[in-house]
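**Student:** Structure incoming, see below.
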């Protein structure tokens, strides 16, 4: 599964008013899933993934790229099986 990471800019753009400052304060880093269907590596069967699971917010303490988070989650999931 592929993810696109969207990160918040470190500074508010020049010329921002109070409304823009309030919106900027609420922004968070997040990841968006690119693939809607995934193919199993062992059997080749195609699975559709529901669209309500297509966005994940990244905590401030998490890795900046999000890839480390995905690898940890994947390892944990396969270790439980």
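The values are calculated or read from the model by the stated rules, or taken from the named source; none is laboratory data. Quick caveat, the model's predicted, so the values are computed rather than measured. Backbone-built Cβ (ideal geometry, glycine too); neighbour counts: all protein chains shown.
**Student:** Anything in the stretch 34-46 that is in a strand (DSSP E or B) and either surrounded by fewer than 10 Cβ atoms within 10 Å (Cβ to Cβ) or modelled with pLDDT of 85 or more (or both)? List them, or say none. It would help to see each step written out before you state the result.
**Tutor:** Applying the first criterion (in a strand (DSSP E or B)) to the stretch 34-46 yields 37-39, 46.
Answer for the stretch 34-46, where residues must be in a strand (DSSP E or B) and either surrounded by fewer than 10 Cβ atoms within 10 Å (Cβ to Cβ) or modelled with pLDDT of 85 or more (or both): 37, 39, 46.
**Student:** Of the numbered conditions (1) modelled with pLDDT of 85 or more; (2) touching a strand residue (DSSP E or B) at 6+ places or on another chain (Cβ under 6 Å), residue 3 fails exactly one; give the number of that condition.
**Tutor:** Tallying (1) modelled with pLDDT of 85 or more; (2) touching a strand residue (DSSP E or B) at 6+ places or on another chain (Cβ under 6 Å), residue 3 fails exactly one: (1).
**Student:** Any idea how many residues of the stretch 2-33 are in contact (Cβ under 8 Å) with a residue 24 or more places away in the chain and surrounded by 11 or more Cβ atoms within 10 Å (Cβ to Cβ)? Talk me through it step by step, then tell me what you get.
**Tutor:** To start, the set of residues in the stretch 2-33 that are in contact (Cβ under 8 Å) with a residue 24 or more places away in the chain comprises 2-7, 28-33.
Still in the running and surrounded by 11 or more Cβ atoms within 10 Å (Cβ to Cβ): 3, 5-7, 28-33.
Here the count works out to 10.
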